[in-house]
Amino acid sequence: MIKNIFRLSGAVMVICFLSATISCSHQKSVIQDPRMLLDYNLMPNDSTLAHLSDDYRTTIDKVKKRDSVKAGVYADYAVTLALAMRFDEADTFFDKEMAAYPESRQYVTFLKDRMTSPAGRERVAQQRVQDSIDREIAKKEALGNDFEFEKIRYPKGSKEYKQQQREKKAARKAKEKEKKAARKAKQKERDQMRDDRDSKKKAAQKEREQQKKTAQKEREKQKKEALKEREQKKKETQAAREQQKKMQQNEREQKREQLQKEREQKRQQASKNTAADTTNTQNNE
């Protein structure tokens, strides 16, 4: 049979019980009735666990001073509470054990991690289901063909039958809780995958929008550069025309001046020729 939390915790409580019994001079036992611990170790079920837990609580309630509480009592009571799936109360008494006996902090922290942390709570619930199955298998192996007779031997309404039904109900609840946790984890995984897909889609959409904006800016830039280039060419063409026009006008001015000079020279030459003719005429006379 698989080792389980019930047996391990029982062993821890037995050790604490024996050590406290040997070392205690003013208190006969760690708990009020040691038979409760023996019953639980012989038959670990909800009934014996409840009786053992109640006995620990009775012991704690009777002790008023801190120094009178033996080391390990708070922790053992917290273990019984955790096994009964009363995890918040178990945390409280684990903390009391560490406050009363700081030297036990390392071990008590280990117990808290194993039994009252989220993973520990799930482990305890799963172990309760497994223990119920193990008890049924062990009973069937021990009784053989009398297994069905053993079921009939406890009629409805009897204490044993009610206890058996409570254990089955607790096992079903633990199994349903486990299934619910598995469904929740699966749903969380699906949600995470959907969120990842949405994130990737948004990132791709954002990248496309960015590329689109970049391309638009590039086109606008090219358009501005082309417009600027056309304006520059237009200015250069206009300047070339103005330059050519000025050159043509200068050439016309130079030709006009040249013609005017030539006419002036011709006029002067004609005047000289006339004066010479007049002089010749006078000389001839």
From the cross-link list Lys223/Lys245; Lys70/Lys159; Lys62/Lys112, which pairs have alpha carbons spaced over 31 Å apart?
-> Lys223/Lys245; Lys70/Lys159
Which value, in debye to the nearest 20, describes the size of the charge dipole of segment 149-285 about its Cα centre when Lys and Arg Cβ atoms bear +1, Asp and Glu Cβ atoms bear -1, and nothing else is charged?
-> 3360 debye
Summed side-chain charge close to Arg208 - residues other than Arg208 whose Cβ falls under 12 Å, Lys, Arg +1, Asp, Glu -1 = +3
Assertion target for Tyr56, Tyr101, ordered by fewest C-beta neighbours within 10 angstrom first, is Tyr101, Tyr56
How much net charge surrounds Thr116 when only other residues with a Cβ under 9 Å from its Cβ are counted (Lys, Arg +1; Asp, Glu -1)?
-> 0
Setting aside same-chain residues fewer than 8 positions from Lys179, which aspartates and glutamates have a Cα under 19 Å from its Cα?
-> Glu122, Asp131, Glu167, Glu189, Asp191
For Lys177, Lys228, ascending order of other Cβ atoms within 10 Å (fewest first) is Lys228, Lys177
Going by how many other Cβ atoms sit within 10 Å of their own, how do Lys234, Lys70 line up, fewest first?
-> Lys234, Lys70
If the chain between Lys184 and Lys235 were fully extended at 0.36 nm per residue, the gain over the current Cα-Cα distance would be 10.9 nm
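A short reminder: the numbers here are calculations on the coordinates, not readings from a lab. Computed from a prediction, not measured in an experiment: that's the story for all the values here. Cβ sites come from the backbone with ideal geometry, for glycine too, and all protein chains shown count toward neighbours.
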